[in-house]
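What follows is a short report on a single structure.
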Amino acid sequence: SPADIGRVLAAAYRKGLVKPVAGEEGSYLVLGPSRASFSSVFTHTAASGLEPRSLVRQVEILPANAEMAEKLEVAPDSPVYRYARTRFVNEEALANQINYMPLEVCPGLEHDDVTRTSFQKLLENKYATVFAGMKERFAIVEANEEDCEILGLAACSTILLIERVALSATNRPVVWANIRIRPDRYSYVAALWPEAAELLAPGADE
């Protein structure tokens, strides 16, 4: 139906596979697959001589709240995946990570296993979703109860927050990630996120 075709084209546009033709309503230019501009954290971790692993704690589909709708540029109450993982490096808990994706980006994600594979590569290879741009923000924030439990932190501890929005070749958001990192894993952060590591460097708070 026209509605089904519209949904498919909207998903393809978000993924960076097509774009609307200016002045020709209903017409799209096929862009084809693009090349990733960023290596995945998993791949970079392994290339750095470290051993990455992920524990997927929960995968659920939620109606987008106001913040999700803003970050992902979707309509409020649209279906969004919430993908919660604990990330390990050399079997040490490094990060409590929550990813949010519009359902149209990766339908069926709940059946995929990323324990020892790259989530980014999964999106590229199975769902034709390539990261062509990235918006990132780094901050030191107070750990919440979940962070403390997962990362083994004492109450009132602080964590390093890396908030990133991954963009497709058409500059549409495909993943909003909140990576909440145990701050005493400085050597790992320095290897994986050197810009963020500056916040944890000795004397950074002086």
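Taken about its Cα centre, region 112-165 carries a charge dipole of roughly 400 debye when the Cβ of each Lys and Arg holds +1 and the Cβ of each Asp and Glu holds -1. Restricting the calculation to Cα atoms, region 22-130 yields a radius of gyration followed by a Dmax of 16.2, 54 Å. Specify the inter-centroid distance of region 50-86 and region 105-156, based on alpha-carbon positions, in whole Å. A separation of 9 Å, based on Cα centres. The base-10 log of I(q)/I(0) for region 131-206, evaluated at q = 0.21, 0.23, 0.28 Å⁻¹, reads -0.94, -1.04, -1.25 [Debye formula, identical scatterers on Cα atoms, solvent excluded]. Roll a 1.4 angstrom probe over the protein heavy atoms and tell me the percent of accessible area of region 1-159 that is carbon or sulfur. C and S atoms contribute 53 percent here. Note on residue 69 and residue 90: with the Förster distance fixed at 45 Å, the Cβ-Cβ geometry gives a FRET efficiency of about 0.75. Remark: region 3-9, residue by residue, has Karplus-estimated 3J(HN,Hα) of 5, 5, 4, x, 5, 5, 5 Hz, where x stands for each Gly or Pro and the curve is 6.51 cos²θ - 1.76 cosθ + 1.60 at θ = phi - 60°. Across region 69-85, coupling constants 3J(HN,Hα) worked out from phi with the 6.51/-1.76/1.60 Karplus curve, θ = phi - 60°, read 4, 5, 5, 9, 6, 10, 6, x, 6, 5, x, 10, 6, 10, 10, 9, 9 Hz, and Gly and Pro carry x. Averaged over its residues, the chain has an accessible area of 51 Å² per residue, based on protein heavy atoms and a 1.4 Å probe.
Put simply, the convex hull of the Cα atoms in the chain casts, on average, a shadow of 13.0 nm².
Suppose R0 equals 25 Å. What FRET efficiency, 1/(1 + (r/R0)^6) with r the Cβ-Cβ distance, do residue 47 and residue 146 give to the nearest 0.05?
Numbers: r = 30 Å, r/R0 = 1.19.
With a Förster radius of 25 Å, E is 0.25.
Going by average Cβ density within 10 Å per residue, which order do the peptides 86-92, 39-45, 28-34 take, highest to lowest?
Values: 86-92: 15.9, 39-45: 18.9, 28-34: 12.7.
Those peptides, ordered most packed to least, come out 39-45, 86-92, 28-34.
Packing here is the average count of other Cβ atoms within 10 Å per residue, and on that basis the peptides 173-180, 17-24, highest first, run 173-180, 17-24. Taking θ as phi - 60° and the Karplus parameters 6.51, -1.76 and 1.60, the scalar couplings of region 58-66 work out to 7, 10, 9, 10, 10, x, 5, 7, 4 Hz in sequence order, x denoting glycine and proline.
Relative to the compact-globule scaling 2.2 N^0.38 Å, provide the ratio for the alpha-carbon radius of gyration of region 128-171.
Working: Rg = 14.8 Å, N = 44, 2.2 N^0.38 = 9.3 Å.
Normalised Rg, Cα atoms only: 1.60.
The values are calculated or read from the model by the stated rules, or taken from the named source; none is laboratory data. Predicted, not measured: the structure shown is a model, and the values here were computed from it. A quick note on method: Cβ atoms are made from the backbone with ideal geometry, for glycine too, and the neighbour counts reach across all protein chains shown. In case anyone asks, the SASA skips ligands and DNA or RNA and just uses the protein heavy atoms, side chains included. Shrake-Rupley method; radii C 1.70, N 1.55, O 1.52, S 1.80 Å.
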